[in-house]
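Coordinate-derived values only; no laboratory data. Fair warning: this is a prediction, and the values are worked out from it, not measured in the lab. Every residue, glycine as well, gets a Cβ built from its backbone with ideal geometry; the counts of neighbours run over all protein chains shown.
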Amino acid sequence: MNVRTGTTRQNGFVIVVVLCMVICMTALLLGFNYVARINLHTLGTFRRSEQAVNCARAGLNIAIAVVRDSNSVATGNGCPGPLSGESVFPVGDGDCSVSITPENSKLNVNLLKDKNGKLDRARIDQMLRLIDLLNKQDSDHEPIGYGMVPAIIDWVDSDDQVTCLPFVSRQNLGAESDYYNNLDAPYSCRDGPLATVEELLLVKAVTPELFSRIRDYITVRGNGKVNINFASKPVIESLSEKMDPILAQMIIDRRDIKPFDAITELREVPGITDEIYTTVREMVTVDSSEYYHVIAKGTAGSLSRTIVAIVQKNMAMKNVDVVSYQEL
């Protein structure tokens, strides 16, 4: 009986050991399978991500070709869809969407002072009107303060004098290096033109939320004249205190039928008085832009990547250079 009991116990022990080994091997195989699946998924995600980036780059190249080969970017003659909105193109197994906006359809915040260092009252008033329009348009957001205007002026001018706008009743003081050097993460005021619009995020009173609301209406490129054929409705309204929403929309409706070939054609728009025309004629243009804002979004499967770039067209050489590039 003792021999049989010992043998039974030994056999049971062996069975337990074998079962433990089977369980361990199963766990190892399951773990290996899990890791392998994760690696395959990661590899597939990486592949699709790279494909999406390549699609976005293809979109940027399409935009460069459009800008380079167009006969007249100002009016859109000879240009495919991207200049009139977002266009989608197939790229291999993915696709890309492209939008191109002339930078001279926006307000140039580098020109709030003239070449002699004097405040450019007309451009400053236009900027203040744009702020009012955006606050009215986004009434459920915290209001954009006027304080960003003197702060931008101080950021781009070369002196160390804090700007005060006497014609603004509140939030009328800018900031120089003394302000920025006392921040938790100190830095100096540029005292020179903004290199990119995104640099505004370093300027006093410009929060990310505020920047996101104003980004599409401002630029740091060009001679400051607004292209009336591409300007958004708020930018058109900001040209004059006499320019109401109805009149701005009539200008847009007119250019949709036939783009303006000359500034004098603004006189043909019903409601444009001599006073309004005299006010805006030196502030607008129908000339081709030298700079363009490009957004190229590539998609592969469920993944997408976006490239935001500024491209510059050399009118004489008819080539296009990328002057600003960012992958998102």
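Measure nothing fancy, just the Cα-based angle from helix 2-69's long axis to the longest principal axis of the chain, in degrees from 0 to 90, nearest 10. In the chain, helix 2-69 runs at an angle near 20 degrees to the longest axis.
Site pair Asn319 and Asp244 shows an inter-label distance of 5.2 nm when each label is modelled 7 Å from Cα along Cα→Cβ.
Could you calculate the FRET efficiency of Asp159 with Ala122 from 1/(1 + (r/R0)^6), where r is the beta carbon distance between them and R0 is 22 Å, rounded to 0.05?
Numbers: r = 21 Å, r/R0 = 0.97.
Once rounded, the FRET efficiency stands at 0.55.
From least to most packed, judged by other beta carbons within 10 angstrom and beginning with the fewest, Lys242, Lys225, Lys106 follow the order Lys242, Lys225, Lys106.
Partners of Lys313 within straight-line reach, counting lysines whose Cα lies under 19 Å from its Cα and excluding those fewer than 8 residues away in the same chain: Lys106, Lys225. Counting neighbouring beta carbons within 10 Å and listing from fewest to most, the residues Tyr325, Tyr292, Tyr179 come out as Tyr325, Tyr179, Tyr292. Each of Thr101, Thr207 has some number of other Cβ atoms within 10 Å of its Cβ, and from fewest to most they run Thr207, Thr101. Each peptide among 228-235, 312-319, 245-252 gets the average number of other Cβ atoms lying within 10 Å of its residues, and from highest to lowest they stand as 228-235, 245-252, 312-319.
Compactness of the chain, taken as the C-alpha radius of gyration over 2.2 N^0.38 Å, stands at 1.51.
For region 219-231, 3J(HN,Hα) computed residue by residue from phi via the Karplus equation (6.51, -1.76, 1.60; θ = phi - 60°) reads 9, 10, 10, x, 8, x, 7, 8, 6, 5, 7, 10, 4 Hz, glycine and proline entered as x.
The long axis of helix 121-137 is offset from the longest Cα principal axis of the chain by roughly 50 degrees.
Ordering Thr163, Val149, Cys55 by the projection of their Cα atoms onto the charge dipole of the chain, which places +1 on the Cβ of Lys and Arg and -1 on the Cβ of Asp and Glu, puts Cys55 at the extreme positive end.
Using only side-chain charges placed at the Cβ, +1 for Lys and Arg and -1 for Asp and Glu, the dipole size of the chain relative to its Cα centre rounds to 1580 debye.
So what is the 222 nm mean residue ellipticity for the chain from helices alone, if each DSSP H run of at least 4 adds -39500 (n - 2.57) and you divide by all residues, rounding to the nearest 500 deg cm²/dmol? That comes out to -13000 deg cm²/dmol. Extending 7 Å from the Cα toward the beta-carbon at both Gln137 and Asn223 defines two label points whose distance is 2.6 nm. Peptides 183-192, 140-149 ordered by packing proxy, namely the average of other Cβ atoms within 10 Å per residue, highest first: 140-149, 183-192. Here the dipole of region 258-305 is about 500 debye; that uses its Cα centre as origin and unit charges on the Cβ of Lys and Arg (positive) and Asp and Glu (negative). Farthest towards the positive end of the charge dipole of the chain, among the residues Ile276, Ile252, Gln126, is the Cα of Ile252, using unit charges on the Cβ of Lys, Arg, Asp and Glu. Net charge in the neighbourhood of Gly94 (other residues with Cβ under 13 Å of its Cβ; Lys, Arg +1, Asp, Glu -1) is +2.
Rounded to the nearest 0.05, the FRET efficiency derived from the C-beta distance between Met25 and Thr45 at R0 = 35 Å is 0.70.
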